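All of the numbers you see were taken from the coordinates with simple rules; none came from a lab. Small disclaimer: the values here were computed from a predicted structure and weren't measured. Backbone-built Cβ (ideal geometry, glycine too); neighbour counts: all protein chains shown.
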Amino acid sequence: MNLNARKTSTPDQQAAGNNPRLRMISPQLFPRTPVLSGRDAEAKREEIRNYFHATLDCYEQLFETLQGEEAYYKKPISLRHPLIFYLGHTSTFYTNKLLLAGLITERINPRMEAMFAVGVDEMSWDDLNTTHYDWPAIDEVRAYRKTIRRLVDKLISETPLTLPIGWDSPWWTIMMGIEHERIHLETSSVLIRQHALEFVVSHPAWEPCRKSGPAPQNQLIDVPEGSVQLGKSKTDLTYGWDNEYGSRIAQVSAFQAGKYLVSNQEFLSFVEVNGYGRDDFWEEEGRAWLHHTRAQYPAFWIRQGASWRLRLMTEEISMPWDWPVEVNYHEAKAFCNWKAAATGQSFRLPTEDEWYRLYEVAGLSEVPHSSSTAANIHLDHGASPHPVNEFVQGQFYDVVGNVWQWTETPIYPFEGFDIHPHYDDFTTPTFDGRHNLMKGGSWISCGNESLKSARYAFRRHFFQHAGFRYVVADAPPAQHGSHYETDKLLSEYAEFHYGDIYFDVPNFPKALAELAIAAMEGKPARTALDLGCASGRATFELARHFDNVTGIDFSARFIGQGVQLARQGVLRYTLADEGELVLYRERTLTGLGLDKVKDKVQFYQGDACNLKPLFSGYDLILAANLIDRLYDPAKLLASIHARLNSGGLLLIASPYTWLEEHTKRDLWIGGFKRDGESFGTIDGLKDILGEHFKLIQGPRQVPFVIRETRRKFQHTLSEVTIWERVA
């Protein structure tokens, strides 16, 4: 029986679950991810139904390779759940997401849907998960799967369908469940491969390749420079995960790349020179992993005296030296470092951009829907890798397929990245600089995984059906900002400066900048100073009018947000929502209409009460919500005229919230009784500024709102005065 033999049966037949006698097989390719457009909605409904049932059939058939009840409950590796979890997880995923989509209103089995809800990312290879679970019986989980199968089939039959299916359609959530199961088809196959042989059994539907011969000699092939475009549009007609959307255009410098994936034979040279015993070949994180695991060779290799064998999913075979080696990122990187040291050439892994360039020069296109693909992918050619010199693609082999290929690129969001509300934690936890992208897919990568646009990232110590291709390049790997700011105060200020408008209160830094610019009518607009700039929104806004704007703040952490926007054009942060729940936000200069002014701003860390002499000669100084946070506000106010040009303007905004934690009581400039009468901050400002300034506007009240959580906000009035330097 061949793996590309899949069939469509009735729901009752399919609900029969793991009984292979109730399955009929017809010579069909394992269905590809559907195009989500067309003119015939009913035909598309049936295509999605077939895609759904074929996916569940294949997934359940995978679990037929487990032998005995213990195989379901014993962990293949300590850092992942036992396989009983993964049998139930993909079905409970449907229930949890269908509830969010409003397609169902009640849970099917609350106990299972809680127990099987969240999987395990190997967040730390030395942090064992010892949590105890009272797992249900296998038959109970299979019965639950049948119930969910019938439920989803009914939804496919009855849910109104309008084409094309977009991000906001309830059908998108149905597709999400199917594609999620296909992801776990692959990850579960890896866990089965990591299981002890006594717990697995060969299966006719999961036959590996039986071809092997001498490994070819790898060689470097020139790849000319060129431009690549990454990212999907929301109008794309295939399902995608959130991290695939947005856009990136990159110019890729010329490089050289290995003609073949690194084979077992080629990697053996690294093992034989004691590569696993040489710390100097390993990156810092890789050395820590190496010392913890005490690995001496790849995880799926088995040493038997002077010979080697290879563990496949359900069996061990004599080492096929011409197959691609399967390793984690640390091992692939160490091999490249060794090869660089041995040759004097700059060997490394390709970046995501360089993989796209390889895809272009190889002349590749997507997996065909109606014929077998010329790549070892989508279960078209059996249940294992093939020789590295079998699937030619342009001048290269296996740019797509055989095994995933590690890249140098930690996953990051494209410009315009958005989060689907029904799966808000699919990608964002991986934007931590610790999850590297893999490209190209493996023999079992199906559906969305097989697309050019697929972006899957794993911890660098993670084992997948993954190997690598090396490149030689003069250009260092591009670094991308991917982190989300999670500090509560910084996140609140990021939202205050660049986020949404609440209760119809205009953005405060922008409003102040607009007041300042309006007051500057007829005056020179060469330079401006945003003193106490915090996250920098007013700095950018002032640059709409001024030739050069300087932002200064005492906090380097606040300035960092403005610097990041100026350099990268994007700022990402989390917002407290409710309890432990958070929302993810991305703000861009382009989205704010500020992308054309970024070259006109500069940010510096500085003490407003003790500024360097160079910060002078300004036509405008903006001091927003600053004076009541200074340790000596009078010191600043008494000397600030010297930093303004004659006729220049000073805009001061403050809620006058005097607190001793910021300013000693005897240094307040207002907000107290003097000679028995109330003495306000405006009185203090007139006293100190009167010698060199005249008040030309205000006082006026300008409101602002700071969001703390979904239901908690600070609403404040800041008093604004504008002063003109006259002496």
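Going through the range 662-688 one residue at a time, which ones are closer than 24 Å to residue 530 by Cα and out of contact with any helix residue (DSSP H, G or I) (no Cβ under 6 Å at 6 or more places or on another chain)? Selection gives 663, 667, 668, 681, 682, 683, 684, 685, 686, 687.
Taking the stated definitions as given, is residue 517 in contact with a Gly (Cβ under 7 Å, 6 or more places away or on another chain) and within 21 Å of residue 723 (Cα to Cα)? No. Looking only at the range 354-389, residues that are assigned to a loop (DSSP other than H, G, I, E, B), among the acidic types (Asp, Glu) and surrounded by 19 or more Cβ atoms within 10 Å (Cβ to Cβ) come to 1 in all. Count of the range 576-611 residues, restricted to those that are farther than 28 Å from residue 250 by Cα, aliphatic (A, V, I, L, M) and out of contact with any Gly (no Cβ under 8 Å at 6 or more places or on another chain), is 5. Among the residues making up the range 247-274, those that are among the small types (Gly, Ala, Ser) and surrounded by fewer than 20 Cβ atoms within 10 Å (Cβ to Cβ) are 247, 250, 253, 254, 269.
Residues being without any contact (Cβ under 8 Å) to a residue 40 or more places away in the chain and among the charged types (D, E, K, R): count how many of those fall in the range 508-556.
Taking the range 508-556 first, the residues without any contact (Cβ under 8 Å) to a residue 40 or more places away in the chain are 510, 514, 517-518, 521-522, 545.
Going one step further and asking which of them are among the charged types (D, E, K, R), we end up with 510, 514, 521.
The number of residues fulfilling the criteria is 3.
Comparison of 661, 677, 691 shows that the only residue that is surrounded by fewer than 19 Cβ atoms within 10 Å (Cβ to Cβ), over 29 Å from residue 541 (Cα atoms) and within 45 Å of the chain's Cα centre (by Cα) is 661.
For (1) within 23 Å of the chain's Cα centre (by Cα); (2) not polar (S, T, N, Q), each residue gets a yes or a no:
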residue: 208; (1), (2): no, yes
residue: 214; (1), (2): no, yes
residue: 221; (1), (2): no, yes
residue: 229; (1), (2): yes, no
residue: 235; (1), (2): yes, no
residue: 243; (1), (2): yes, no
residue: 249; (1), (2): yes, yes
residue: 255; (1), (2): no, yes
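The helices (runs of 4 or more DSSP H) falling completely within the range 488-546 that include 3 or more residues that are of a type in the set (Gly, Ala, Ser) map to 508-519.
Select from the range 451-481 the residues that are of a type in the set (D, E, K, R) and part of a loop (DSSP other than H, G, I, E, B) and write down the one among them that is surrounded by the most Cβ atoms within 10 Å (Cβ to Cβ). Lay out the reasoning, then the answer.
Looking only at the range 451-481, we keep the residues that are of a type in the set (D, E, K, R), and these are 452, 455, 459-460, 469, 474.
Those still in the list that are part of a loop (DSSP other than H, G, I, E, B) too: 452, 455, 460, 469, 474.
On the way: 452: 19, 455: 26, 460: 21, 469: 29, 474: 9.
The extreme case among them is 469.
Counting only strands (runs of 3 or more DSSP E) that sit completely within the range 620-727, those holding 1 or more residues that are touching a Leu at 6+ places or on another chain (Cβ under 8 Å) correspond to 644-654, 693-709, 712-725.
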